[in-house]
Amino acid sequence: MHLINLKNWTQTDILDTVENGIHIKTYPEKYWHVARGTNLALLFQKTSTRTRCAGEIGITQLGGHAHYLDWRTTNFGLADLGDEIRVLSAYVDVILARFLEHADIATAAEAADVPIINGCCDRYHPTQALGDLMTIQETLGKLEGVKLCFIGVHNNVCNSLIAAGMKVGLEVTVVAPEVNPAAEDKALWEAAERKGTYKPVRLGETSGPGTPCRVREAIATSDIVYTDTWIDMEFFTDPSFAEERKRRLEKMSPYQLNASLLEGHECRIMHCLPAHRGYEIAGELLDDERSLIFQQSENRLHSMKAVLLKVLSTGV
Ligand code: CP
Ligand code: NVA
């Protein structure tokens with residue numbers, strides 16, 4: 001089974017992976033050799049700390065081997081993606097790929113003879129969402145009926161929270177005055193809205209981006225507030241994105257998570273990291289007693305191990 005966008009994962013697949021992640025975290029020694037001799041290739045077009053380390057360290061702790069391939073030092077860029085993936089899948093048992101564009105992860109899944117895990121594309125970040133569900137389950141003891149409010153730019157992380165939430169009854173309210181064009185997935189949004197687990201807050205032109213009352217209303221009824229970068233990693237230092245970066249920073253600044261906005265609220269605070277302190281989140285909130293952020297990042301490792309075992313056990 002591939003892990004591309006969670007759409008083909010059942011509620012049971014997701015809940016089992018969450019429970020297994022918690023079990024692996026509690027009893028890591030029981031899993032030391034369960035994937036002995038297994039080879040994981042990590043093929044990355046973009047930078048990464050958490051996803052790469054969770055994959056590399058995770059498979060090593062399970063008794064297997066990791067092979068990190070920086071896209072630029074391979075011949076992937078010279079050849080047909082499907083051909084190269086076919087070759088790679090003859091060498092390894094599972095591939096964790098971080099591609100710039102979603103279309104490439106779909107092509108890779110089509111060509112691979114082994115499971116492909118999407119390590120974050122411009123449209124989805126499923127391993128992040130699975131780790132986040134683990135953190136929520138561990139902290140609140142449940143997923144169904146939990147209210148999560150995502151505040152920021154509607155992006156890959158937001159989509160995967162919606163896709164996961166839809167399967168397990170996690171209610172995702174989104175306050176996003178901007179949507180990353182690559183993240184537009186109307187079919188997902190409509191399906192989740194129909195199911196009642198996705199509630200977009202329609203800000204409208206008249207309220208203006210500087211009006212945070214809708215944000216306050218959404219926070220007041222949420223168990224969790226979640227934010228992520230206003231600019232995805234591949235654009236951060238891209239000179240051609242400089243104008244857009246400036247526009248976004250101005251438009252998004254009223255939506256920053258900070259102590260004043262969250263004053264008097266019991267809600268837990270989440271962020272997938274890397275955080276841009278002073279932009280989407282004030283630095284002080286990372287260490288706030290309501291913050292789950294570093295628990296969340298640690299859980300990426302345990303959860304990745306559960307994901308690896310899941311896809312290895314099912315094959316393609
Ligand atoms: N949250 C996350 O995926 O982090 P990295 O980009 O560092 O992998
Ligand atoms: N949404 C951000 C962070 C993902 C970890 C990005 O794609 O760069």
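Tell me, what % of the accessible area of the chain is carbon and sulfur with a 1.4 angstrom probe?
Values: 6760 of 13470 Å².
Accessible surface attributable to carbon and sulfur in the chain totals 50 percent.
How are the alpha carbon pair distances in segment 126-220 distributed across 5 Å bins from zero to the largest one, expressed in percent?
In order of increasing distance, the bins hold 3, 14, 24, 25, 19, 11, 4, 1, 0 percent.
Please list, in chain and number order, the residues 5+ apart from TYR68 or on another chain whose amide H is under 5 Å from its amide H, with Hs placed from the backbone.
LEU42
Send over a whole-number figure in Å² for the accessible area per residue of segment 195-307, probe 1.4 Å. Don't jump to the answer; show the numbers that get you there.
Working: 5470 Å² over 113 residues.
Ligands and nucleic acids excluded, the result is 48 Å² per residue.
For segment 189-303, what is the largest minus smallest coordinate of the Cα atoms on each principal axis, given in angstrom and ordered from greatest to least?
Rounded to whole Å, the extents work out to 37, 35, 33 Å.
Check every DSSP H run in the chain and write down those whose alpha carbon atoms cover 30 angstrom or more along the long axis and whose mean Kyte-Doolittle hydropathy is -1.0 or greater. Walk me through the intermediate numbers first.
Working: long enough: 293-314 (31 Å, 0.09).
Span-like helices here: 293-314.
How large is log10 of I(q)/I(0) for the chain at q = 0.12 Å⁻¹ when the intensity is taken from the Debye formula with one equal scatterer per alpha-carbon?
Evaluating at q = 0.12 Å⁻¹ gives log10 I(q)/I(0) of -0.79.
About the Cα centre of the chain, what is the dipole size in debye to 20, counting +1 per Lys and Arg Cβ and -1 per Asp and Glu Cβ, all else neutral?
Details: 32 positive and 42 negative charges, 68 e Å.
Roughly 320 debye, rounded to the nearest 20.
Scaled to the compact-protein estimate 2.2 N^0.38 Å, what is the alpha-carbon radius of gyration of segment 238-303, rounded to two decimal places?
Numbers: Rg = 14.0 Å, N = 66, 2.2 N^0.38 = 10.8 Å.
My calculation over the Cα atoms of segment 238-303 gives 1.30.
I want to verify the translational diffusion coefficient of segment 75-198 in µm²/s; compute it with Stokes-Einstein, Rh as the Kirkwood radius over Cα pairs, at 4 °C and 1.567 mPa s.
83 µm²/s
Below 8 Å between Cα atoms, with a sequence gap of 6+, how large is the relative contact order for the chain in percent?
Details: 604 pairs, mean separation 69.3, N = 316.
In percent, rounded to a whole number, it is 22.
Along the charge dipole of the chain, pointing to its positive end and built from +1/-1 on Cβ of Lys, Arg, Asp and Glu, which listed residue (SER89, TYR124, LEU285) has its Cα farthest out?
LEU285
In whole angstrom, and with the biggest value first, how far do the Cα coordinates of segment 22-128 range along each principal axis?
The Cα atoms of segment 22-128 stretch 42, 27, 23 Å along the principal axes, largest first.
The values are calculated or read from the model by the stated rules, or taken from the named source; none is laboratory data. This one's a predicted model, so the numbers in the text were calculated from it and none came from an experiment. We place every Cβ from the backbone using ideal geometry, glycine too, and count neighbours over all the protein chains shown. Protein only, heavy atoms only, side chains kept; ligands, DNA and RNA dropped before computing areas. Shrake-Rupley method; radii C 1.70, N 1.55, O 1.52, S 1.80 Å.
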